[in-house]
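Values quoted throughout were computed directly from the atomic coordinates according to the rules given, and no laboratory measurement underlies them. These numbers come from a predicted model, not from an experiment. Positions of Cβ are generated from backbone atoms using ideal geometry, with glycine treated the same way; all protein chains shown enter the neighbour counts.
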Amino acid sequence: MKTLLSSWMLLLTVLSFVSCERVLFPVPAEGLGTSVDTTLKDFMPFPFGAAINMTRTDTQPLYKATVEREYNSLTSEGAMKMRSIRPAIDSFYFAGADRIVDFAELNGMRMHGHTLVWAAIPDWLRDFPGDSTAWEQILKNHIQTVVTHYKGRVASWDVVNEAIADNGTIRQNIWYQKLGPGYIARSFQYAHEADSAALLFYNDYGHEYSSARRNGINSLLRSLLADSVPVHGIGLQMHTNINIHPNALRVAIDSAAATGLLVHISELDISVNRTNDPNYVLTPAVEADQAELFRVIAEKYASLPSSQQFGITTWNVGDLDTWRRPTYGFPDFPLPFDVDYNRKLAYYALIEGAN
Ligand code: G3I
């Protein structure tokens, strides 16, 4: 791989070097980067994916081309969430998510399902007056209907998302309030009953910036394993930022791997506009610092036993697509592709780090 990488770099790039305090990356001459057909999926020694939404593949040809070219794993950014897939108690809407699964299959990509159980529930459910038996029935029916619909087509699921609170205890979300903490284990059991071949993940955030969150999440997983709950992997969302210390990233990844589970860096992005500056411009120096963090993540991840490497997924594709822009209302540049889908330094840093 190293030889292949070196020859690719030598043959297809003009090596200019951008340097700053912390980092030195080979940078292709403008334009060459997007013309080569050797891409992330070829260079990364583990699956590399992105969360996508089909509105963008439908409307942005460059987005679609980049997705088709670069990745071998996809996650649905929104289409499989209960809010999208379950418009009413007695109906499911699969058409939107089906399109992503079709797209993944057409392009030979692995499909990861996100997410079956999360506090972000549809309004009809928030208002649902049923007792705990009725809520349990909704939980089980929801999980099993969705997993069965995609059986054999969606290889893995984020079964439960964000169930740990900032102090490391079980978050007292709506599912906890209605069903108690046991809803987590039962959700995995229900999913496993529906598709015993699917890999089942617990997905959460904050491993890299909070020891309370990290320890709480890892303890939850250890206790699920001790109780023989069918959980196979841990998803580290890793929505992080330019101020994170590289060692914090390494500790997050190592401690997740110490559970023995598959490890998925499941929603990676690295925010740079930390002052919510409405006129923020990404400078070459900040871009290089950001790339170094991507490199550290890929390097540490590549050092895990390959049997635990489920892969790395970025949360969408280019800087224009990030959830951070509509959510916070400020420009941000957290992804490995820029607003025009040119490869950023982060792109090359990921390849360098993983190899
Ligand atoms: O589709 C509607 C559109 O019809 C409407 O006009 C528009 C007006 O607000 O809203 C659109 O829905 C938005 C949806 O994204 C699709 O773009 C929702 O308002 C918005 O809340 C939703 O945000 C998503 C968020 O999860 C909540 O589901 C983000 O795109 C998505 O990136 C984000 O992803 C989460 C992960 O699931 C879990 N981890 C954190 C991550 C980032 O918040």
>> Straight-line reach only, C-alpha to C-alpha below 27 angstrom: list the lysines that Lys64 could link to, leaving out same-chain residues fewer than 8 apart.
In response: Lys41, Lys81, Lys151, Lys344
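Can you give the Rg to Rh ratio for the range 201-296, taking only C-alpha atoms and Rh from Kirkwood?
Values: Rg = 15.3 Å, Rh = 14.4 Å.
With Rg and the Kirkwood Rh in hand, the quotient comes to 1.06.
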> Relative contact order, percent, of the chain when contacts are C-alpha pairs under 8 Å separated by at least 6 residues?
Replying inline: 17 percent
> Could you give the angle, 0 to 90 degrees to the nearest 10, between helix 2-12's Cα long axis and the longest principal axis of the Cα atoms of the chain?
Replying inline: 60 degrees
>> 7 Å from Cα along Cα→Cβ at both Asn167 and Ser91: what's the point-to-point distance in nm?
In response: 4.3 nm
> To the nearest 10 degrees, how steeply does helix 284-302 sit against the main Cα axis of the chain, on a 0 to 90 scale?
Replying inline: 60 degrees
>> Give the aspartates and glutamates reachable from Lys178 as a straight Cα distance under 17 Å; neighbours fewer than 8 places away on the same chain don't count.
In response: Asp123, Asp127, Asp131, Glu136, Glu162
>> What does the net charge come to around His114 if you take all other residues with beta carbon closer than 11 Å to its beta carbon, with K and R at +1 and D and E at -1?
In response: -2
>> Starting from the 7 Å offset along Cα-to-Cβ, what nm value, one decimal, do you get for the label separation of Asp254 and Thr275?
In response: 3.4 nm
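How would you order 313-325, 99-111, 122-134 from highest to lowest mean count of nearby Cβ atoms within 10 Å?
Details: 313-325: 23.0, 99-111: 17.2, 122-134: 11.0.
Going by the mean number of other Cβ atoms within 10 Å, highest first, we get 313-325, 99-111, 122-134.
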>> As I understand it, the value is the acute angle between the Cα axis of helix 183-194 and the longest principal axis of the Cα atoms of the chain; what does it come to in degrees, rounded to 10?
In response: 80 degrees
